[in-house]
Structure formats: C-alpha cells, structure tokens
Amino acid sequence: MLLKGQDITGVPPYKRPVNTVFQKYALFPHLNVFENVAFGLRLKKMDEETIRRKVRDMLEVVGLKGFERRSIGQMSGGQQQRVAIARSLVNEPEILLLDEPLGALDLKLRKEMQLELKRLQREMNITFIYVTHDQEEALTMSDTVVVMNGGKVQQIGTPEDIYNEPKNAFVADFIGDSNIVDGVMHRDFLVSFSGVQFPCVDRGFAREQSVQVVVRPEDIEVVSPVEGQLVGVVNDVIFKGVHFEMHVECEGREWLIHSTRACTPGETIGMRIGPNEIHIMARSEAEWEMMKIYDKKLAYPYFIWMVLFTVVPLIIVVYYALTDGSGNFTIANLTSVSGYGSVFARSLLLALVATVICLIIAFPVGYFLSRLRVNKQHIMLMLVMLPMWMNFLLRTYAWMGLLSINGPVNAVLGFFGLGPYTMLNTSGAVVLGMVYNYVPYMILPLYTSMTKIDQSLVEAAQDLGASTTQTLFRVLIPMSVPGISTGITMVFVPAVSTFVISRMLGGGSNLMIGDLIEMQFLGNSYNLNVGSAMSLVLMIIVLLCMSFTSSFDEDEMEACPDENETSAPDAAGLRHPLFLLHVPAIAYMIVFSFNQSKGYALFTGFTLKWYTSLIHNSAILSALRVSLEVALISAVIATVLGTAASLGIASMSRKSRLVITNITYIPVVNPEIITGISLMLLFVAYQRFAEGVSWLPDTIMGMPTLLIAHIAFNVPYVIFNVTPKLKQLDIKLYEAALDLAATPGRRSSKSSCLRSARPSCRPSSSA
C-alpha cells in the first residue's frame, strides 16, 4: 500500500498516519468522552493545555460540547458514533477509514450523520475511505466509489457512473441489506440470538461458540406478536414500490424488514425466521486468533514453572506409589490401600451427603440472588463470600465451641428442655463443618448459571400451566445443569479429601482419606510409598467424579449477568437468611475473643487481655510478619506470572491452548492435600539431589518453599480469572488503540480492562 509514494504495508498500525472509525465504534468503556477523544493525543505526549483545547474544539465540531465528562454507557448510539469520529479526527490523520460507521443507527439519524460526515470531510480537508454495504449510503457519501467483491476491485467511478453504467452483473446487483447480530451456536442446528433459540441448517461449530448471524430483510416473516419468535415495535415504514421497508426495534437493536405487508409506526409485530433463512458466520475463533497480538514467549516462564511445580511433583507421586523403599517396581502399595476400604467409603459417603445438603441449600439461594437487582447482588454476594475471608482453621474451630457439650447450641436446646446432646466428634459434625465451609462454592456457580436464565422463560412456563414445582423441575433445574455440575465438583473434591474438618470436628473415630494421607507423610505412620499410593487412588476417584459431572457442563461459568437487564422479583428478604447462615460461627469467634478464660465453651467474663497480649508476643508478631510477606510476595509473583501466561497462551493455537489449560487445571481439581504432598515430595527429591551437587544449597525449606507452595496454588486461579476477561475484550478495542498510535506495551496498559467481576471461586486452603 502506497501513501505519498511510500510503501506503508510493513509499517506498524500505530506508526501510520491513518485513523479508523470502527463499525461498533470500539470506544473504551473505562474512559469518559473527554479521555476517549484525548487518547491519541496523550500517546503523542502533548501538553495538557493543548490536549484540552483540541478536545474541546473537536467536540464542538461534532456537536458534543458539554459532554466531556459523560460516560460512554450514558451516550446514545448516535452520540457514540460522534465520539468515535472525534477521537479519530482530533489526531489530524492524513486518511480516515470509516468501517460501516452508521450501521447501528436508526434511519433518521443515519441520514443526518451522512450529511454531517460529508460536512466534516470538506471542512477538515481529510481523505475519507468509507466502507459500507449500503448502496444508497455509498452513493450519497462518495466522490469516488470502489465496488469490491472477494477482495477484488470490480469497478471504480463516480456515483453516477456506478449507478448508470455498471460494468458487470455483480456491480449491477450490489444492492443488498442484511441484519447481522451476535449469537451463540449451542450445538449443530441450534443457535441463539436476541435471547431466543432458533433451529438452523448450519453445523460443524464448537458447542457454545460465539458466532455472527446474518438474516436478510426479505427473509423475515411479519406475523402477529403471539406467533412471532421475536416481538418488536415498528419505528419507520418506507414504501419502496415492490415492498415496504420497515425498521423494527427489538431487544435493544433495530431490525430491517422488507415485506409486502404494510405496518404502521408504533405497531407491535411478531417476526418469524425459518431455519433456511439463518446464515451463520464463525466469529469467535477468528477474532480470538486476531487477538494473538502478544508474543507467546510471555508464557514461557509459566511453562517452566508448570513443568517444575505441577508436572514433576505428580510424576514423583506416581513413582513413589509404584515403587518400594529400594526404588523397585511394585503394586503392593496400591493393593495395601484396600485395607482402608472403610475409610474410603466413609469419606465418599460423608462428602456425598455434604454435597447434597449444599445443593439443597444453594439452589434457592442462587436463584433468588440471580433475580435481585444488580446493586443488591453485590451485597448478597459479599455475604455469601464472607466465610472465605476468614481463616479456614478459625471457622472450623468456632464450630468446636458451638457444638461442645457445654456450648451455645446445647445451651439453646436446654432452654427448651432438650439435651444436652453429644454433637462434637460425630459424623454429623463433620458434615456440618463441610456444609458451612463449602456451601459458598455451590452457591456461586449456581448463581452464575441462573443469571443466564431469562425470567420470561419462567413466566412462559407458568403461562402454559406449569405449577411452581413443575417449573422448577422442567425449566429451572434443566437450565441450571452447568451450574449444578460445577458446584458439585467444587464441593465434593475438597470435601472428600478434607483432613482438618474431620480431625477437629470428627475426632479419631471419623477418619477420612485426607487424614490417612496426612498420617503417612506427617504422622507416626511415615511411609512415602503408601501415602503416594493413597494419593494416586484419591486422584483417580476425583478424576472419575469430575469426568462424570463435566459431561453435563456445557456452559462457561465465567459469564457475568448483564447489568443493563431489568431484574425480576426483588428478593430483599433474602439478606436475612444469607446473613444468618454465617452468623453463628462469626459471632462465636468474636464473643469468645473477649472471654476471660481460655475455654471455648463457657463465657467467664469480658477482657481485652488477649488482644493486648498480641502486641507483646514476639512469636505472634513474627508469624504475622512472615504471613504478610509470604502473602504479598506470592500474590505479586502469581499475578505477574499468571497474567503474562494468559497473554502468551492467547497467542497460541487452539490445540496448544487446550493442552496448557488442562495441565494448568490440575492444581485446581486435585485435592489440595495431594498438591501439597506432591510439592513436599519434590522438595525432598531436591534435597537428596542437592547433597551431591556442591554449588546447590543443601535445603530450600523455609521461605522459598512457602513461596513456591503459595504461588503453585494461586497461579491457576490468576490464569482462570484473566483468560475469560481477555476473551471478553472486544478485538476492536485493541485495533482502535493500535490505530491511535499505541505500541503493544502501551496498548495493554491503556486499553485492557481485565477486571474480575466477581470473587474467585477458589476453596480456602485446608493444608
């Protein structure tokens, strides 16, 4: 491509004197109007006064004076289009490329903006390259028209030449309108868009793949609202001779319809679209491939980390499980596990009971959460997440006091003439501890899944005669299966492998798998080989359970509710049950932190001595300092490593991303005790290896191993939080930043909005 005689084909976009107005505008949602327009000027490092003057002048030119501090979300489509134009023109490019800039506007505004753009072009004397599929728009806007087909030029000429003297059939027939909407291909022959599922004739797409749906105006049948798959309101009707051209507002967008049936403006109509009239275009994967703008080398440090601290430790576990003390191959370790069949059975049974109870509690809570208004959802989610903000041991210890023979629970029962009952050191106490600690991990995925359920589906079921129970079993539960399967996995995996809860609340008579594994590595039964065999069996059990539940999980559990949607019933009364769910343990910990005696069953008097002693206890202060250091350093390293890995992985092929993602997922799906034990075996192996290498330190136990363990647990969660947000970013934002002269490094810092919309669904460490 030549510009002023210079070939700029190989010149990076940010160095070209060309700016673009994108079809979807690609305005930065985290910046207001002023900062959007000033984006390119700031990259050029102009002084603040010059920037303010240029931005004010340009906003006045496009008729947006006084809108400087307005957020992008508060602007209409036409206003956003003007902001996009101002952002490009303020840089004074030699060429302005406009890519379908008026496609999202209604007919009246589109015509106004055509004239406005033509005026701006003449006033600023800038070459406009205007891309459009609208013939009328092309003829109205252009001095010279270039008609292209498949990337090849068919004809160049004035609007009059193109219209009156076409050179071929394509040029003569180049009139054509289309409705293009974003959709999701659920499976072969089934696509959803505008909140409705449609049968289609397309196949070969991945499940839940994002696509673009093309429907031609003449292929939409106008019917009554009752018969329509979509219902909209007619805004404009234009008689075109052989048909009426109608602009219909439906679900926040405008549909173009060509019909021989005349409707009146303001009339509510139904629209039917047959399977053969729906044309699917792959978008997601193509756009994801376009997002490979970061070097995959960014992920290399993580690959090294992943091999050293994820793959190698698991290989060591398998090695110890299949060898004896002398290193010889044997299956005796695995066969010895059968002697602990009762413990395995108890673990599976208690974990299953706890999972079922969590599901029963979480389902109605998740549903009512999903129906709240967005601002109240945040408050309720905070209450759900409340236990996760406290130490796992403290939460469990609180229940020891609550359930003791002289504890508050028996005290309340005694008031009614009941008890006292022995509740501590029982299987029931273990189940209660599991439910209390893990129910948030059932609520969160259910809530996420249910936010995607359109309330109109519930209303439709009821309208068709379904009772509340029938609606539950025929609509809500089937559509919540992805959330249910994810929640079951997130509760069952930590529950079946727990050892802290069973030891503290169950006593020695309620051993679980986690307790056995801990004893083999850390207790009197010290046996690395048998412990590794138990860990291997537990991993197999977990993987089998996950393979079953994952077969139902066809949804991405990263999606967030649309904050623009109107929520259905306000379940304001829910705040009280949610809060009461966590009050007992929290209140107990707070009250007994002021107890005169060290007991956790009887309150003997108020005191502050335990708090004052903290600041005089050097051991506690030292532990606090180390904890803060480990937390801060590991969080920073994990965030940097995980974010860089996410960007690098995004630049890889689909197959490579799948392999890396599955390996990354191992510490997440593995019971935490196994991840911890595998790392311990790695450190033991290192120590043995270092004994024969003079330049290596004999041991790394202490701060290095603490940091490694914390980073190993946290990096996967960074990746799994960043990657979905990276996918959600509109590729046009990257292109817009490049177009405005941002270098790749600047682009990532200026335009990326990798903010997690909800807390991580990571279970608290019990190790």
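What follows is calculated from the coordinates using simple rules that are stated; it is not laboratory data. Please read these numbers as outputs of a predicted model, since none were measured by experiment. Cβ atoms come from the backbone with ideal geometry, glycine included; neighbour counts cover every protein chain shown.
Descriptive notes on the structure:
- Prolate/oblate/rounded call for region 179-283, Cα gyration tensor, a/c under 1.5 rounded: prolate
- Estimated inter-spin distance, residue 46 and residue 235, nm [label 7 Å along Cα→Cβ]: 3.3
- Among the listed pairs 152/452; 15/452; 452/655; 376/609; 45/65; 15/54, a Cα-Cα separation exceeding 31 Å is found for 152/452; 15/452; 376/609.
- Between residue 127 and residue 665, residue separation times 0.36 nm minus the direct Cα-Cα distance comes to 188.6 nm.
- Remark: the residue 525-residue 416 segment gains 34.6 nm on full extension, using 0.36 nm per residue and subtracting the alpha carbon distance.
- In this simple spin-label model, placing a label point 7 Å from the Cα along the Cα-to-Cβ direction at both residue 7 and residue 598 gives a separation of 8.3 nm.
- Here the extension length gained between residue 349 and residue 625 equals 95.3 nm, from 0.36 nm per residue of separation less the Cα-Cα distance.
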